[in-house]
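First the structure, in the form of structure tokens, and then the observations on it.
Please treat every number below as a calculation from the coordinates, not as lab data. Keep in mind the model is a prediction, meaning the values are calculated, not measured. So basically every Cβ, Gly included, is an ideal-geometry build from the backbone, and we count neighbours across all protein chains shown.
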Ligand code: FES
């Protein structure tokens, strides 16, 4: 046969003509086809596996002959004998093009395979990590041409991988010589390339072809909990996840009390810094152990957190964040050695990346949510609410994105609630109240059976009924409102007003009894007037923040709402709207995004383009400072009513009719002034 052969790669559709005898890997590289290789075509890494197609391909206008590729060779056979290979696969670096051919690149051979697919936005994010492995064969030292081992390694990387220059720290230099000799001058290096440019850095190296773990840690450092996802830096898989309480809680439940602790106690900030670093090291070790890998295989970590956590983690005194104008020491992203911030449990050369902060009160966690949910790509106007001790709120679409944070306090997490507890087995998470009998039925975490089922007592024998978690208290208060037990001002009625003895007098107010386990030595679980007030404060802060952003955007309604955060995944849209936590919108337009901040951290870990992207995007986000915005107080007071004093909730009205009752007996007033 004469002339060049036509090669078509799928799924990319890239095609080109190549001289017969060209290796498939070479053709792929020339066409920019995403085909992986760690060994540089030496037939030892198997990353370049492809599946050739034979026969007629009318769609592509080619017929592929059985001999379109060179014959199966000894290198491929050796690999197959040693490691096994799926039938029909070839090594792209060994198989040569001998005729027109269609070649499929399976997902696991794609260097930039997808790491996270966001169903809501149909957005796919591909692997493009900052740290990658390169196998090289290094020239042996020669007395007649003296040069250092590192310099010859750098030459090999330049010649074999077109990497201009590299640098290495003392930890790598210490192992360089024994590793090169052990590997008989063939080594695999883990190379970190900063997305902002600069010299590539060798983080670690191993003799021969390294096939062990290469991992990164995405950390969502919250005020209350620290969550970590250990990810494979080659394919983005989550290898293990773990969580731990933020030990700084002992210095103050919320952010401002931690800032006060730093202000009032000399050395207090350093104490909190040490505590959080210690915990992150312990968490890194525990997730690595769970995944069965050495923590030294963790080459990178990405941390997302609010500004106070950000400063305390980095060892910066957060005192300026406690007072206007809430100046950050730096709002930029940071890329530095992880050991510089005391993360010593990882590889000694491991890198840390922190996302940029949006403003003094809107942190890298909000930036991570923006990265995950991409409001700037949304056609419709989306409100994204990340509910935690502090709520991060984003509002935007393709034209503009606004952000603020609002101090909701820990009530939504079950804290500061009389029967509140963290989400754990035994906690009430779902609740319904019969509007006629006013009798409740509920379900606890760890048990599928409702409390009015005869099997309930037996089903909860192991856990008991211990309290109410965050989603449970939201459902409880909303159900109380729907059943007329609570009025629009948030007052619990008397037994006479509500028609149920479950409303019990408590001083000058009333509380509603959900469950009485006292006969069995368990707790009496009630919702008190104080609990309702705590929820009102939290939800008013949340709503007022959202409303401020809507003012700034010049709108009275949003098209959809995304509830982010672990908590957002569990709350019911209907109940959240009955309470007026979120602005009115069609219920089917309220979705949950799970831990969006954690997802954003993972994206930044697995894709350097995502780092550059969020850095650029954050500069475009307009920040609204709730603490100094005069209308915040007005919005806050109006939002105290359930669901709201003046804003209409037309979509809610289509599905729920809220009773027009008033329980004010002169004892307890309406909306209490809020503390900040
Ligand atoms: S590129 Fe490594 S086996 Fe082909």
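A few remarks follow.
- Evaluated at q = 0.12, 0.16, 0.21, 0.24 Å⁻¹, a Debye calculation over the C-alpha positions of segment 256-345 (equal weights, vacuum) places log10 I(q)/I(0) at -0.42, -0.69, -1.02, -1.21.
- Sequence-separation-based contact order of the chain, relative, with Cα cut under 8 Å and 6+ spacing, percent: 11
- Share, in percent, of DSSP beta bridges within the chain that are antiparallel, nearest 5: 70
- Cα gyration tensor category, rounded, prolate or oblate, for segment 361-465 with a/c compared to 1.5: prolate
- The stretch between residue 65 and residue 165 holds 31.6 nm of extra length on full extension. This uses 0.36 nm per residue minus the Cα-Cα distance.
- Scaled radius of gyration (Cα, divided by 2.2 N^0.38 Å) that segment 1-102 gives: 1.01
- Relative to the longest principal axis of the Cα atoms of the chain, helix 596-606 runs at roughly 10 degrees.
- Relative to the longest principal axis of the Cα atoms of the chain, the long axis of helix 529-553 lies at roughly 60 degrees.
- Residues 261, 512 arranged by fewest to most Cβ contacts within 10 Å: 261, 512
- With q set to 0.12, 0.18, 0.21 Å⁻¹, the log10 of I(q)/I(0) for segment 268-320, from the Debye formula over equal scatterers at the Cα positions, is -0.33, -0.65, -0.79.
- Estimated [θ] at 222 nm from DSSP helical runs (n ≥ 4, -39500 (n - 2.57)) normalised by residues in the chain, nearest 500: -8500 deg cm²/dmol
- Pairwise Cα separations in the chain fall into 10 Å bins from 0 onward with the following percentages, short to long: 3, 14, 21, 21, 17, 12, 8, 4, 1, 0, 0.
- Across segment 208-313, counting alpha-carbon atoms alone, Rg and Dmax equal 15.5, 56 Å.
- Least to most buried among 662, 273 (fewest other Cβ within 10 Å first): 662, 273
- Helix 470-482 axis versus longest C-alpha principal axis of the chain: approximately 40°, rounded to the nearest ten.
- Computed as a quarter of the hull surface, the mean projected area of the alpha carbon convex hull for segment 550-604 stands at 4.6 nm².
- Sorted by Cβ neighbour density within 10 Å, fewest at the top, the residues 90, 250: 250, 90
- Residue 574 paired with residue 329, simple spin-label distance in nm, labels 7 Å along Cα-to-beta-carbon: 4.9
- Inverse mean reciprocal Cα-Cα distance (Kirkwood Rh) of segment 311-411, Å: 15.1
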